[in-house]
Amino acid sequence: MKDKLNKRIIFGASIIALMAIVAVFAPYVATQDPLEMDLSADARLQAPSLEHFFGTDSLGRDVFSRMVYGTRISLSVGFIAVFISLVIGISLGGLSGYYGGWVDGVIMRLVEVMYCFPTFFLIMMVITFLGPNIVNVMIVIGLTSWAGLCRLVRAEFLTLRERDFVYSARVQGVPNGRIIFRHILPNAMAPVYVSATLSVGGAILVESALSFLGLGVQIPTPSWGNILTAGKNYIDYAWWLTLFPGLAILVTVLSFNLIGEGLREVLDPKLRESRR
Amino acid sequence: MFVVMHLAPGDPASIRYGLNPDVSESARAHFSKMYDLDKPVLIQYLLWMKRFVSLDFGKSLIDDRPVIARILARLPATLLLQVCSLLVIFCLSIPIGIISALKRNSLFDRVMTILVFIGYATPTFWLALLLILLFGFKLEWFPISGMSPWYTAYLDSFARCKDLLWHLVLPVAATAFGGLAALSRYTRSSMIEVLGENYVLTARAKGLSERRVVMVHVLRNALLPIITILGLTLPALISGSFIFETIFAWPGMGRLGYEAIMGYDYPTVMGVGVMATILTLLGIFLSDVMYAVVDPRIRFGKRQ
C-alpha cells in the first residue's frame, strides 16, 4: 500500500523536476533560437524530423525550442499564481475561522460571490482591461482562485480552535497572532498542501487557455497556449502544432495532480483506513 | 443564498467599473459623453445600477443596438449547448460512477480511474481542437463550426433539427468532458461511502433484491453530494462556454462576450457578465430545489 502511494508522488515529482530542469536550462536544451524565423517555403510548416523534433510552425520557427521556452512560462505562472492564492486564502480563511462572528460573515459572503461568478470570464475581462502580459496573468489567476483554499482553511480552523492545546495557549496569554500562526496553522496545513498542489495544475490550465485566446503571454514570446493558437489555422495540415503543446500541458497538469492525490493519501489518515 | 443573489451583481460590477477609465481614455470625447463615460466612476456605477433594476444594460458601443437584445438573441444557442451538455454529463457519469463503485478494483473501475485522472488534466480547449482534427478533418463525420448554416433556411423543420443535432455533437462533447470526469468520480466515492452504511446492510438482510438495494437505498442517499457537485460544475460550464463557443464559432452568449471584450464594448461586457452570473445563480437555486426533492429531511426540516 505504502509503496503504491509513494509511486504516484515519485512519478509526478520526477516529471516536474525534469520540467523544471528544462525550464531553468532552456537555452541549453533548445536546439535552436525559439524566435528565429525562416520564411522560405520549404522551411515553413515542416513535419517532425530529426532536425526539428516537433516540426516547424507557419513562420519556420522550431516548435521544440518554442515549447522548451514555454515550459518556463507555464511553471512560473503555476507556482506564482498559486502562491498568491495561498497567501490570500490562508490569511482570510484563518481570520474567518479563528474569529468567527461578523468577520466570518463578511469573508464568507465574499467567498460565495467568488464561487457564483464564472471566474474565467472575470479573468478574461480584467486581463483585457489591464493589458495582457504574464505578470497580470499570474496576479489575476491568483486573485480569483483563493476561494476554495479559504473555505478549506476556515473549516480546519473551526475544528482546531476548540482543541485543548489552543485553550491552554490562550489561558497562558499567548497573543492571537501567535496562536494563529504558531499553534493552529501548522496543524491545518495538510489539506492545504494537497489543494495547493492540485491548483498549480489548474493555474497552468487557465494560463494556457488565456494564451490560447490571445489574452495571456503575447507573441512572439512562446507559451504552450499560443503555440496552439498558431496551430489552429493549420489544423487540417500541421497536426504537430496542435498535438505536442497540448500533450505537454496534459502531462504537466497530470503530474501535479498525481502528486496532489498521492499527498492526499499519505496525509489523510481517514482515507488510508478506508482504503485498506 | 439569497443574500448572495443580491450581492453578486453589485460586487463584480464594481470591480469592473474600477477599470473603466481605461476605456473612456481610448474613446473620443463626445462618444464618452453620449454613453456617460465622462462622469466619475461612482456616478457611472450608480447610473448603471439604476438602469440595471429594469434590466436595461444600455446600448452596445459597437452597433448601437440595446445590449439586452443582443444577449437575448444569443442566449438560446448557449442554453441549448449547456442543457445538452448537462444531460450528457448526467446520463453518462452517474452510471459510470455506480458501476465503478459496485465493482471496485475491477478492470472497468481501473480503466475509468485512469481515464478520469487524464480527464482532469486535459486542457479542454485542446480536446476541442483534437475533436475538430479527428472528426472534422480526418474522418469528416461532423461539421466543425457554426450552428445553422445558410442552407438550413431551405430545409423543412425535421431536416433542420437533424442538421442542428449534427452541429451540436462536437461542441457538446468538448463541453461535457470536464464535468464528466469530475461527476463520475464523485458518484463513485459517494456510492462507496453509502454502501458501507448500516441501513444498506439492513436492506440486504431483509432480502431485498440487489437491484432494489442499489437503486433505492444507496443511490438516493448518494445523490445528495452529487447534486452539490453538479451545482458547482455550472460556473465551470459557463466559463467553458466562452472558450468553446469561440473555437466552434457557436453563435451563443459566450462568443458575444469574447467579441465584446476584444472590442472593448463595455456595456455588452457588463451585460454578459451579469447574465452569466444570473445563469449560475439559477443553476445553484435549481440544485437547492433538487436537494429538497431528493431528501425529505430538507423538505420537512424547516417546519419543525
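Amide hydrogen proximity for A:Asp33: with H placed 1.01 Å from N in the peptide plane, no residue at 5 or more positions away or on another chain lies under 5 Å.
Counting only other chain Cβ atoms within 10 Å of each residue's Cβ, the peptide B:225-237 averages 1. Enclosing the Cα atoms of the range B:206-266 in their convex hull gives a volume equal to 101 cubic angstrom per residue.
To one decimal place, what orientation-averaged projected area in nm² is obtained for the convex hull of the Cα set of the range A:79-142?
Dividing the Cα hull surface by four gives the mean projection, 4.6 nm².
Taken along the Cα-to-beta-carbon direction at a fixed 7 Å, the label points for B:Lys162 and B:Met262 span 3.4 nm.
Here the ratio of the Cα radius of gyration of the range B:167-304 to 2.2 N^0.38 Å is 1.40. The Cα-based radius of gyration and maximum Cα-Cα distance (Dmax) for the range B:179-219 are 11.6, 37 Å. Multiplying the residue separation of A:Asn133 and A:Ile21 by 0.36 nm and subtracting their alpha-carbon distance yields 37.9 nm.
Each residue of the range A:96-106 is assigned a 3J(HN,Hα), and the resulting list reads 4, x, 7, 8, x, x, 6, 4, 4, x, 4 Hz, derived from the Karplus form 6.51 cos²θ - 1.76 cosθ + 1.60 (θ = phi - 60°), x at Gly and Pro.
Only Cα sites of the range B:79-134 enter the Debye sum here, all with the same form factor; the resulting log10 I(q)/I(0) across q = 0.13, 0.27 1/Å is -0.45, -1.07, listed in q order.
What the phi angles of the range B:280-289 give under the Karplus curve with 6.51, -1.76 and 1.60, with θ = phi - 60°, is a coupling list of 4, 4, 4, x, 5, 4, 4, 5, 5, 4 Hz, glycine and proline written as x. The equivalent ellipsoid that matches the C-alpha gyration tensor of the range A:91-193 spans semi-axes of 33, 14, 11 angstrom, in descending order. Semi-axis lengths, largest first, of the ellipsoid equivalent to chain A are 42, 22, 14 Å, with √(5λ) applied to each eigenvalue of the Cα gyration tensor.
Normalising by residue count, the range A:22-143 has a Cα convex hull of 136 Å³ per residue.
If a/c stays under 1.5 just call it rounded; otherwise compare a/b with b/c (prolate if a/b is bigger, oblate if not). Do that for the range A:130-276, with a ≥ b ≥ c from the square roots of the Cα gyration tensor eigenvalues.
oblate
For the range B:206-220, 3J(HN,Hα) computed residue by residue from phi via the Karplus equation (6.51, -1.76, 1.60; θ = phi - 60°) reads 5, x, 5, 5, 4, 4, 5, 4, 5, 6, 8, 7, 7, 4, 4 Hz, glycine and proline entered as x. Dimensions of the range A:216-272 based on its C-alpha atoms, expressed as ranges along the principal axes with the largest first, amount to 50, 24, 10 Å.
All of the numbers you see were taken from the coordinates with simple rules; none came from a lab. Everything quoted here is computed from the prediction, not taken from an experiment. Note: ideal-geometry Cβ built from the backbone for every residue, glycine included; neighbour counts use all protein chains shown.
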